[in-house]
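The values are calculated or read from the model by the stated rules, or taken from the named source; none is laboratory data. Nothing here was measured: the structure is a model prediction, and the numbers come from that model. All Cβ positions, glycine included, derive from the backbone under ideal geometry; neighbour counts span all protein chains shown.
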Amino acid sequence: MDAVRTAIMSNRFNAIVEEASAAIYRTAHTTFVKLVQDYQCALATADGDMFAYPMMSGVSVFVGVPLRATLDAIGRENLKPGDIIITNDPFATDGLVTHLMDITLLYPIFRDEKLIAVGWAFVHASDIGGAVPGSISPTFTEVFQEGLRLRPVKLYEGGVLNQAIKSILQDNSRIPGELWGDMQAMISGLKSMERRIHELCDCYGSEVVEAGMHDVISYAETKARAVIQLLPDGVYNFSDYLEGIQEGQLAYFSVTVTVRGDEVDVDFTGTDPQLSAAYNLVSGDTTHPYLVTCLITLVLTMDPLTPRNSGILRAIDAHAPRGTVINAVFPASGGSRAASATRIYDSIMGCLCQALPEGLAAAGAGMAAVVVVSAPDPRTGRDRVNVINTIHGGGGGRRGYDGVDGTEVRYSLKMVPAEVIEVETPIIMRTIRSLPDSRRAGHFPSGAALEMEMENTASQAVMTVRNMNRYVFSSWGFRGGETGLLGKTILNPGREDERSIGKISVLQMKQGDVVRISSPTGGGFGDPLKRDPSLITAEVRNGMLSRERAEDAYAVVFAENGDVDQNATFALRQRRTKSELPDFSFCNERERHDQVWPFQIRRKLASLALSHEFRIRSQLVGKVHNRLLAVGKPVTIETLTRVVEEEASRLSGKLKRASLKM
């Protein structure tokens, strides 16, 4: 590898994909792409290894996503110049697509009749059909409910559009014109990458350019291994719960991170079977970037000059058993799979906090909610499906830094301006604000919760919200930091018909209805009693922290003039100081579950369930978990084995009787 040539190629490749990414979002049609920026493009080798990925726009979580299975499905020998492959099928692509709404294009790039690269792009389609506007509801139990599904097929062959495929796409969408507009935006980005690759070949020659692709991947691998080597060798375990949409519905996430020198192994054995809800993710057989985003982020944070490509993943071996919620099999629904991704991220963060002596960060808010409304367009009167906004929540406190207000560092999706929402939809944004007194205390506190109030002015509207979570289990704090604030949703606040409605799946809104969503927050990082009183005073003065909460959470006493009483504060902190603080702070609900379900026993339940008939696995876990939780005593392996067999026998009998009736 020539160092100078590799650096030049890395910079040129980055420029190519950044330009193409900008072209897509500047020419896209739907709000979710042109403003929220839920899309991306990249370049891969002819073998399907991604060697260049943008960072200035679009989503950042698919660095190194696997193309190989999709290329194999078509066959490289069947590709020719002008072909464009289209798919949105997670199962046929083995994880290239993570849910149906991500319409994906692959564009083979030829030079002198030789395949030298493949362009990749996707957009999150705002509607591909299905049972609800926007195609996503967390209540869906099968992929069939989520709309159109296309196995890999040629949208263009030799530059000629397959009109039948285009018609199928448009006929199944509630917004056919906007959908096709986003597709054309993707094609513009892909052709931009092809043009620039040819210019690079004209300048340096095809052999040098192809060698450069492999060199930048190897360079990224070298840098990733150098960062991983800074982690202490060891085995680190963590677990957490994802809340389903139905009351009492849970999925247990378990991860074991093993660090050996410059390599890390991530094993999700012990994670629950896929759910009868839309939180499932297909990650395939290879190390999928969606599973290890936390580690990719660590590498890029520790060494920002690391090229963003699949080389980072060569130092990471991730495994999730087939049939689990994070490596689901057909016909799992997956529209809300981003909720699972947040739980994966924070679970790996829990392992890193154990590996690093001073920790790294508390858990984030754990929610990546997307609000979608179907209602008449105020300008045309035609029904339209629109993304209203995204709502995340205050980020967790970090080592040396406070959490970010209203969002967290994992997410790259942007906010939609209120002015755009009110022009394109009948929704009035009454409030978008950071919530006072919502930062969770710590030496470095979490970011503040985000609160939105939305009023419907049309005769009726349908609101769907995906990925809502942390309404039952708070985010965990670290080394004395407080646990996160729970999310809540209120319909018609301040009115006689006010009511709490929890997580939204599909909400029918009448004219004048108002929905208030208050996001959860991440946890605090470190002992709150070490927080600098001057920073607390600043929060009190800017209205984000009340004096009462400052005294309660931080043991800060104020004099009559509003300044901190240093002597009284010191004395109060001395009385409250604890000799030892646990590494992790969990909410009462989490502790209740942990008292009954020790880590190894709960992992065993998930593994036992995977050995049973596919159709009863999720129910089996729920039945056993809740039955023994109600008993309230720590579960032993003997009790677990017996109860699993009892519940499996009942469920299998019901399934058999139902089959006979059919």
Check your understanding: In region 164-174, is there at least one residue being surrounded by 15 or more Cβ atoms within 10 Å (Cβ to Cβ), farther than 30 Å from V329 by Cα and not hydroxyl-bearing (S, T, Y)?
Key -> no
Exercise for review: State which residue is surrounded by the most Cβ atoms within 10 Å (Cβ to Cβ) when the search covers only region 408-424 and only residues that are of a type in the set (V, I, T) and closer than 23 Å to G393 by Cβ.
Suggested key: I421
Practice item. Return the only residue of G406, G400, G381 being assigned by TED's automatic domain parsing to the domain that holds G366, at pLDDT below 90 and on the phi > 0 side of the Ramachandran plot. Key: G381
Point to revise | Flag for G480 being on the phi > 0 side of the Ramachandran plot, assigned to a loop (DSSP other than H, G, I, E, B) and surrounded by fewer than 18 Cβ atoms within 10 Å (Cβ to Cβ) | key: no
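Per-residue answers, yes or no, for (1) farther than 23 Å from F268 by Cα; (2) surrounded by 12 or more Cβ atoms within 10 Å (Cβ to Cβ); (3) at pLDDT below 95:
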{"position": "M544", "(1), (2), (3)": "yes, yes, no"}
{"position": "R547", "(1), (2), (3)": "yes, yes, yes"}
{"position": "R573", "(1), (2), (3)": "yes, yes, yes"}
{"position": "E580", "(1), (2), (3)": "yes, no, yes"}
{"position": "S585", "(1), (2), (3)": "no, yes, no"}
{"position": "H612", "(1), (2), (3)": "no, yes, yes"}
{"position": "K633", "(1), (2), (3)": "yes, no, no"}
Exercise for review: Of all residues in region 459-489, count the ones that are more than 22 Å from the chain's Cα centre (by Cα) and modelled with pLDDT under 95.
Suggested key: 4
Review point. Residue check: is Q170 more than 30 Å from I616 (Cβ to Cβ) and out of contact with any Leu (no Cβ under 7 Å at 6 or more places or on another chain)?
Key: no
Exercise for review: Could you look through region 306-323, keep only residues that are over 12 Å from E221 (Cβ atoms) and either modelled with pLDDT under 95 or not hydrophobic (A, V, I, L, M, F, W, C) (or both), and pick out the one that is surrounded by the most Cβ atoms within 10 Å (Cβ to Cβ)?
Suggested key: R308
Practice item. Being more than 24 Å from the chain's Cα centre (by Cα) and closer than 29 Å to G481 by Cβ is the filter; apply it to region 426-443 and report the residue that is surrounded by the fewest Cβ atoms within 10 Å (Cβ to Cβ). Key: T431
Practice item. Could you please give the count of residues in region 153-205 that are outside any helix (DSSP H, G or I), polar (S, T, N, Q) and in contact (Cβ under 8 Å) with a residue 24 or more places away in the chain? Key: 2
Exercise for review: Report, ordered by the first and then the second residue, all pairs with beta carbons closer than 8 Å, sequence separation of six or more or different chains, a first member in region 1-27 that is among the acidic types (D, E), and a second member that is modelled with pLDDT of 95 or more and surrounded by 14 or more Cβ atoms within 10 Å (Cβ to Cβ).
Suggested key: D2/D215; E18/P54; E19/S192; E19/R196
Point to revise | Pairs, first touching a residue at least 60 places away in the same chain (Cβ under 8 Å) and within 10 Å of I388 (Cβ to Cβ) in region 407-427, second buried (at least 22 other Cβ atoms within 10 Å of the Cβ) and among the aromatic types (F, W, Y), C-beta under 9 Å, six or more apart | key: V416/F32
Practice item. Find the residue count for region 329-350, including only residues that are at pLDDT below 95, in a loop (DSSP other than H, G, I, E, B) and either among the hydroxyl-bearing types (S, T, Y) or under 30 Å from R399 (Cα atoms) (or both). Key: 1
Check your understanding: What number goes with the only condition from (1) among the aliphatic types (A, V, I, L, M); (2) over 30 Å from K530 (Cβ atoms); (3) at pLDDT 90 or above; (4) in a loop (DSSP other than H, G, I, E, B) that L413 does not pass?
Key -> (3)
Check your understanding: Among the residues of region 518-541, is any closer than 23 Å to E451 by Cβ and of a type in the set (D, E)?
Key -> yes
Exercise for review: Run down A28, A7, A44 and say which single residue is surrounded by fewer than 20 Cβ atoms within 10 Å (Cβ to Cβ) and over 22 Å from the mean Cα position of the chain (by Cα).
Suggested key: A7
Review point. Which of the following residues is in the same structural domain as R430 (by TED's automatic domain parsing) and more than 20 Å from G400 (Cβ to Cβ): S546, S518?
Key: S518
Study note, to complete from the structure: Taking region 444-457 and the residues there that are within 27 Å of G359 (Cα to Cα) and within 22 Å of the chain's Cα centre (by Cα), the one that is surrounded by the most Cβ atoms within 10 Å (Cβ to Cβ) would be S446
Point to revise | Those residues of region 504-530 which are of a type outside the set (S, T, Y), in a loop (DSSP other than H, G, I, E, B) and surrounded by fewer than 24 Cβ atoms within 10 Å (Cβ to Cβ), in sequence order | key: I504, Q511, G512, D513, D527
